[in-house]
Amino acid sequence: MEKRGLGGEQLRRSFCDICAPGPHCGVLCRVRDGAVVHVEGDPDHPASQGRLCTRGRAMRQYIYRPDRVMTPLRRVGPRGSGDFEPISWEEAFREIAGRLKDLRGESGASSVAFYSGYNKWYRPMLQRLCHSFGSVNYGSESSTCFTATILSWQAMAGVDCVRADLARAGVLLGWCFNPYHSAHLKIKGLEAARRRGMKLIIVDPRATVTVQQGCDLHLRPRPGTDGALALGLGRALIHGGWIDRETVENRVHGFGEYAAYVEGFTPERVEQLTGVPAGQVLQAARLIGEHGPLAVNQSSSSMVHHTNGLGSHRAIMALSAITGSFDRPGGLLPDRLTYAHSRGGFATRDHQFAAATRPKDGPLPVGCADHPLWHRLTGEMQAVDLAGQILSGRPYPVRALVAHGLNYRMFPDSGSWERALQALDFYVDVDLFLTDSARLADLVLPACSSLERGEFKVYPGNRVQYTAPVIPPLGQSLPDTEILTRLARALELDDPLLTAGYDACLKDILRDLPVDLEALKAQPEQTHVLDLTSAPLCPGGRLPTPTGKFELRSTLLERLGLEPLPVWKPPFPADPAFPMTLVAGARLPHALHSRLHDVPWLRSLRPAALADVSREDARRLGLKEGDRAVLSTPAGELIVPVHPTARVLEGTVHLYHGYREADVNRLVPGDHRDPDTGFPAYDSVPCALARAGGERDGEV
């Protein structure tokens, strides 16, 4: 759609890629003289239907940030100084190719790592480029986000993911479910389900907006104790006779062992472990048992950001199996990831494409020796381990990094990441902005925003689209895929698809499907429904697991020498020096990691990095609004202003991450992780809080 408005304005359709990589929200852009002057929601978009969150409303300020990178830059000063000189694309690719080839010759191809940050649309190409170069070390921010839930589902049910069938659910167990802050496209379905009578149980230490809007029961476990609560609910459901006996006998593997194990999680013990009153545990079980089928919300990652995250997630999702609500209308429906971590309802060859040139020999990818489940199921390095290997050189050196959208502040022990980037022989960062991570690079390459490029996209319901740019690229910026194609050519890779470009790669990924890319590109503002009959994921009710059943006792984990049952483990040992719990991952409605802290509209909503504490803790510590406090963990200290609030649980401190002046991830120890997945335990770090003296805010 292109319409003329007042003053020669054009109205063009696009999408917002600021946050979740799945069904990006559609936007209508008013364009004047080649510049976006206004952004609003697109009412005709199949996913968002006109809805647009706070982040999307600020998209114009986002793409026109003053620190947009407009040309390739070469570092001329010390790393981190911000001293760069502009160079041409030809110079940049020539230097990158020369340095990477030299390092490959000196230390092997795997001494070069390739990394992708939050955007995912180009990832199959980046992973393939890494492998075609000869390196095993491709990784992404998925080492800390969402992938652990995929591992959990693959271990339990053999599927990538599930979706809660809100339209037919009798009760929703909303574990860390707060769509008003972090998943606004779910709000409409939730409110419609509530109007027709669906019961809602929210499990969250915080009194969130979703709780405020109304729920039937709010359970508030201490952070990191969710697994114990889930096991207690399992016991209560069994004792109440609220399980599906036919399902557990015929379609569930390991139920007997699971039932024996949960017997130890009485309501009284659950109260002791979690802080949730015993009566509420029984009340929740009754609501589930009497109002099924049960749908369970899974947050993208908050449940797995604990040292016991994988086991806790499995314990929660086990409730779906024992109540007969898995693969059932109104419960949890198995689903697949179609392309670049987005759901379309059909299968593509993106994984096969990315893995086709993977080296047949070579070392284990970074971190995989310590995380066999991760290695078995992802095919990526565990990027959380990358800084440690750069600094130690063990078990082999990693000397160079090519990164798209790296944000070192998103990792635990972020200070070690800063040191690691400083220690690299060669570091290239591709980004829209001159971020703190980009300032440490040898070369910075300018990427486009979603408004400046065309992109193939999938949406639920077999929908596909190939968008078009609504404005020209700012400066000399290029789409990530074009950068990858030119880099593949400069490296002289023996990979005809990569060197041919994005469309050639797409055609290979989509070759089993009736997709005409040229026809899609001719209608860039429309989504098209593919005429497909997809094979069921679970034909005849048989799941793609070794037993064909939902595995409460995981065959895969058992074969890898890991705990096969979803057992309970405390999130961290008790330590009187750190009597409170730090949560560094809870979402804010106007922020996403650090990428929006420099957008004026959004930063104005929370200008300072505030530590949210309960009013009870504030009174106990003698703290008032804005008072400075020393927040300490075994990894270090920060001085931050506090915000007493009734929303957080007594004994907890919530501090959002990504602020350069108060980087809370420096307080997350690098080894405070789930040993099964390698995921950082951002949401349950032992901490202490005390009133500060006259020091300035920031790091001590």
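The values are calculated or read from the model by the stated rules, or taken from the named source; none is laboratory data. From a predicted model like this one, the values you see are computed outputs, not experimental measurements. Every residue, glycine as well, gets a Cβ built from its backbone with ideal geometry; the counts of neighbours run over all protein chains shown.
Kindly evaluate Leu52 against the criterion of being at pLDDT below 90, closer than 21 Å to Trp601 by Cα and not in a helix (DSSP H, G or I).
For Leu52, the condition - at pLDDT below 90, closer than 21 Å to Trp601 by Cα and not in a helix (DSSP H, G or I) - is met.
Are any of the residues in segment 626-645 in contact with a Pro (Cβ under 7 Å, 6 or more places away or on another chain) and under 22 Å from Pro221 (Cβ atoms)?
Looking for residues that are in contact with a Pro (Cβ under 7 Å, 6 or more places away or on another chain) and under 22 Å from Pro221 (Cβ atoms), one finds at least one in segment 626-645, hence yes.
In segment 161-201, which residue that is among the β-branched types (Val, Ile, Thr) and over 19 Å from Ile150 (Cα atoms) is nearest to the chain's Cα centre (by Cα)? So that I can check it myself, show each step before the final result.
In the first step, residues of segment 161-201 are kept if they are among the β-branched types (Val, Ile, Thr); the result is 162, 171, 187, 201.
Filter once more, keeping what is over 19 Å from Ile150 (Cα atoms): 171, 187, 201.
Details: Val171: 26, Ile187: 20, Ile201: 24 Å.
In this case the residue turns out to be Ile187.
Can you tell me how many residues in segment 258-289 are in a helix (DSSP H, G or I) and more than 23 Å from Leu562 (Cβ to Cβ)?
Count: 19.
Based on what the data block shows, is Ser143 of a type in the set (S, T, N, Q) and farther than 30 Å from Pro539 by Cα?
On the way: of a type in the set (S, T, N, Q): yes; farther than 30 Å from Pro539 by Cα: yes.
Yes.
Before we move on, is Arg328 surrounded by 20 or more Cβ atoms within 10 Å (Cβ to Cβ), more than 22 Å from the chain's Cα centre (by Cα) and in a loop (DSSP other than H, G, I, E, B)? Quick ask: steps written out before the conclusion?
Numbers: surrounded by 20 or more Cβ atoms within 10 Å (Cβ to Cβ): yes; more than 22 Å from the chain's Cα centre (by Cα): yes; in a loop (DSSP other than H, G, I, E, B): yes.
In short, yes.
So in segment 630-664, with the set limited to residues that are assigned to a loop (DSSP other than H, G, I, E, B), surrounded by fewer than 21 Cβ atoms within 10 Å (Cβ to Cβ) and acidic (Asp, Glu), which one is modelled with the lowest pLDDT?
So, considering only residues that are assigned to a loop (DSSP other than H, G, I, E, B), surrounded by fewer than 21 Cβ atoms within 10 Å (Cβ to Cβ) and acidic (Asp, Glu), the one modelled with the lowest pLDDT is Glu661.
Of all residues in segment 250-279, count the ones that are buried (at least 22 other Cβ atoms within 10 Å of the Cβ) and without any contact (Cβ under 8 Å) to a residue 12 or more places away in the chain.
Final tally of qualifying residues: 0.
Kindly list the number of the only condition in (1) crowded, with 19+ Cβ neighbours inside 10 Å; (2) assigned to a helix (DSSP H, G or I); (3) of a type in the set (A, V, I, L, M, F, W, C) that fails for Ala504.
Condition not satisfied by Ala504: (1).
Contact list please: Cβ distance under 6 Å, first residue in segment 527-545 and at negative phi, second residue assigned to a helix (DSSP H, G or I), pairs at least six apart or on different chains.
Here the result reads Leu543/Ala157, each pair linking segment 527-545 to a residue that is assigned to a helix (DSSP H, G or I).
So Leu592 ticks every box in (1) in contact with a Ser or Thr (Cβ under 9 Å, 6 or more places away or on another chain); (2) more than 22 Å from Arg691 (Cβ to Cβ); (3) crowded, with 16+ Cβ neighbours inside 10 Å but one. Which box is left unticked?
(1)
Residues checked against (1) among the aromatic types (Phe, Trp, Tyr); (2) under 30 Å from Arg328 (Cβ atoms); (3) surrounded by fewer than 18 Cβ atoms within 10 Å (Cβ to Cβ):
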position: Leu491; (1), (2), (3): no, no, no
position: Ile509; (1), (2), (3): no, no, no
position: Ala519; (1), (2), (3): no, no, yes
position: Ala522; (1), (2), (3): no, no, yes
position: Ala535; (1), (2), (3): no, yes, yes
position: Pro539; (1), (2), (3): no, yes, yes
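Out of all the residues in segment 114-130, is one or more at pLDDT 95 or above, of a type in the set (S, T, N, Q) and either in a loop (DSSP other than H, G, I, E, B) or surrounded by fewer than 22 Cβ atoms within 10 Å (Cβ to Cβ) (or both)?
Within segment 114-130, none of the residues are at pLDDT 95 or above, of a type in the set (S, T, N, Q) and either in a loop (DSSP other than H, G, I, E, B) or surrounded by fewer than 22 Cβ atoms within 10 Å (Cβ to Cβ) (or both).
Report, ordered by the first and then the second residue, all pairs with beta carbons closer than 8 Å, sequence separation of six or more or different chains, a first member in segment 333-354 that is on the phi > 0 side of the Ramachandran plot, and a second member that is among the β-branched types (Val, Ile, Thr) and not in a strand (DSSP E or B).
Gly345/Thr338
Failed condition for Phe456, given (1) touching a residue at least 40 places away in the same chain (Cβ under 8 Å); (2) out of contact with any Asp or Glu (no Cβ under 9 Å at 6 or more places or on another chain), with all others met?
(2)
Which ones in segment 376-404 are farther than 14 Å from Phe679 by Cβ, of a type outside the set (A, V, I, L, M) and at pLDDT 95 or above?
Once the filter is applied, which keeps residues that are farther than 14 Å from Phe679 by Cβ, of a type outside the set (A, V, I, L, M) and at pLDDT 95 or above, segment 376-404 yields Gly388, Gln389, Ser392, Gly393, Arg394, Pro395, Tyr396, Pro397, Arg399, His404.
Could you give me the residue pairs with C-beta distances under 7 Å whose first residue belongs to segment 136-159 and is farther than 19 Å from Leu557 by Cβ, whose second residue is of a type in the set (Lys, Arg) wherever it lies, and which are 6+ apart or on separate chains?
Final answer for the pair search is Ser140/Arg123.
Condition check ((1) closer than 24 Å to Pro267 by Cβ; (2) free of Cβ contacts under 8 Å to residues at least 24 places away in the same chain; (3) assigned by TED's automatic domain parsing to the domain that holds Gly26; (4) in contact with a Cys (Cβ under 8 Å, 6 or more places away or on another chain)) across all residues:
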{"residue": "Pro179", "(1), (2), (3), (4)": "no, no, no, no"}
{"residue": "Ile202", "(1), (2), (3), (4)": "yes, no, no, yes"}
{"residue": "Pro205", "(1), (2), (3), (4)": "yes, no, no, no"}
{"residue": "Val209", "(1), (2), (3), (4)": "no, no, no, no"}
{"residue": "Gly214", "(1), (2), (3), (4)": "no, yes, no, no"}
{"residue": "Pro223", "(1), (2), (3), (4)": "yes, no, no, no"}
{"residue": "Leu233", "(1), (2), (3), (4)": "yes, no, no, no"}
{"residue": "Leu237", "(1), (2), (3), (4)": "yes, no, no, no"}
{"residue": "Gly240", "(1), (2), (3), (4)": "yes, no, no, no"}
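Looking only at segment 290-299, decide whether some residue is free of Cβ contacts under 8 Å to residues at least 60 places away in the same chain and part of a loop (DSSP other than H, G, I, E, B).
First, pick out the residues of segment 290-299 that are free of Cβ contacts under 8 Å to residues at least 60 places away in the same chain: 290.
Narrowing the set further to residues that are part of a loop (DSSP other than H, G, I, E, B) leaves none.
No, segment 290-299 contains no residue that is free of Cβ contacts under 8 Å to residues at least 60 places away in the same chain and part of a loop (DSSP other than H, G, I, E, B).
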